[in-house]
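Written below as structure tokens is the structure these notes are about.
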Amino acid sequence: MDGDLTLHLANFSTLFVCMVLKFPQIFVLMRARATAGVSLNSLLLELLGFIVFMSYQMYYEYPPLTYLEYPILIAQDVIVLLLILHYNRNLKHSLIYAAVFVGGWQLLTVQKWVIDLAMSLCTFISAGSKLAQLQCLWRSKDSGQVSTLTWALATYTCLARIFTTVITTGDTQVLIRFIVMSILNMWVTATIIYYKPHAVKQD
């Protein structure tokens, strides 16, 4: 009984956190009207990883509570992407990105081997997203427009998903992905704090 309660708390807390996960980042961008330190490549890779991961979970009919946050995260990432394109004066590129992502989404579940291959690459895609953000921070040495709170919350959701994956599906690929993402999210969070020691309290 205690185990079931803990599982429900982990699932619902993850869902709740993900409902507001990108809000701090969205507010920081809107307030600053600039994107210094925010990596577009990181965001695009993250979106791709979210789409692959959610498609895999749906294809194999995993419990909805184990992936219900992903449509919410995808929607929030799209908002962040539009803000970045707007402030970088590249909003016209949004149609190209939309066509690529929607087309790719449809292709993922055409054949079983396609979604399996995509999932096997998902950890590398998502890890590449975090490394791209780290590279952007190292290069700019400026995390003024990167939300510490968003990355800290992302770390929590990955840690919670390690627990829920072990209890529910036990899928090794999914578990490895969340372990790697937890480590990299912590690394990004620490790097943001390092380059923004006086701005942490503003997030």
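So for V180, V166, what's the accessible-area order with a 1.4 Å probe, most first?
V166, V180
Just need the Rg to Rh number for segment 106-153, please, alpha carbons only, Kirkwood Rh.
Taking Rg over the Kirkwood Rh, I get 1.20.
Suppose R0 equals 25 Å; then what is the FRET efficiency for V166 and F16 from their Cβ-Cβ distance, rounded to the nearest 0.05?
Working from the Cβ atoms, E equals 0.75.
Could you tell me the relative contact order of segment 26-119? Use alpha-carbon pairs under 8 Å, at least six residues apart, and round to a whole percent.
40 percent
Within a Cβ distance under 14 Å of A36, other residues only, what is the Lys/Arg minus Asp/Glu net charge?
+4
Once you place label points 7 Å from the Cα toward the Cβ at Q106 and F23, how far apart are they in nm?
It works out to 3.5 nm between the two label points.
Could you work out the relative contact order of the chain, using alpha carbon pairs under 8 angstrom and six or more residues apart, expressed as a whole percent?
34 percent
On a full-extension model of 0.36 nm per residue, what is the gain between V114 and R31, subtracting their alpha-carbon distance, rounded to one decimal in nm? Before the final figure, lay out each step's value.
Details: separation 83, 0.36 × 83 = 29.88 nm, distance 4.12 nm.
Roughly 25.8 nm would be gained on extension.
Based only on Cα atoms, what Rg/Rh ratio does the chain have, Rh being taken as Kirkwood's radius? Intermediate values should be presented prior to the final figure.
Values: Rg = 16.8 Å, Rh = 17.4 Å.
Across the chain, the Cα-based Rg/Rh ratio is 0.97.
What do the square roots of 5 times the Cα gyration tensor eigenvalues come to for segment 90-203, in whole Å, largest first, as semi-axes of the equivalent ellipsoid? If you can, show how the numbers build up before the last one.
Values: eigenvalues 163, 95, 26 Å².
Its equivalent ellipsoid spans semi-axes of 29, 22, 11 Å.
Principal axis lengths of segment 71-121 from Cα atoms, whole Å, largest first?
39, 20, 16
If the elastic network links every pair of Cα atoms under 10 Å, which of L91, L15, L44 fluctuates the most in the Gaussian network model of the chain?
Residue with maximal mean-square fluctuation among L91, L15, L44: L91.
Relative to the present Cα-Cα distance, how much length would full extension add between I96 and M58 at 0.36 nm per residue of separation? The partial results should precede the final answer.
Details: separation 38, 0.36 × 38 = 13.68 nm, distance 2.58 nm.
Contour length minus the Cα-Cα distance gives 11.1 nm.
Please list, short to long, the whole-number percent of alpha-carbon pairs of segment 1-110 in consecutive 5 angstrom bins beginning at zero.
2, 11, 18, 20, 17, 14, 9, 5, 2, 1, 0
If you average the alpha carbon positions of segment 20-97 and of segment 134-203, how far apart do those two centres end up, in angstrom?
15 Å
Per residue, how big is the convex hull around the C-alpha atoms of segment 126-165? Give it to me in cubic angstrom, could you? All intermediate terms of the calculation are to be shown ahead of the outcome.
On the way: hull volume 2.5 nm³, N = 40.
Looking at segment 126-165, the number lands at 62 Å³ per residue.
The values are calculated or read from the model by the stated rules, or taken from the named source; none is laboratory data. Predicted model only: the values in this text are computed from it and were never measured. Because the Cβ atoms are built from the backbone with ideal geometry, glycine has one as well, and the counts that use them run over all protein chains shown. The protein model used for the area step is the full one, side chains on, heavy atoms only, and it has no ligands, DNA or RNA in it. Shrake-Rupley method; radii C 1.70, N 1.55, O 1.52, S 1.80 Å.
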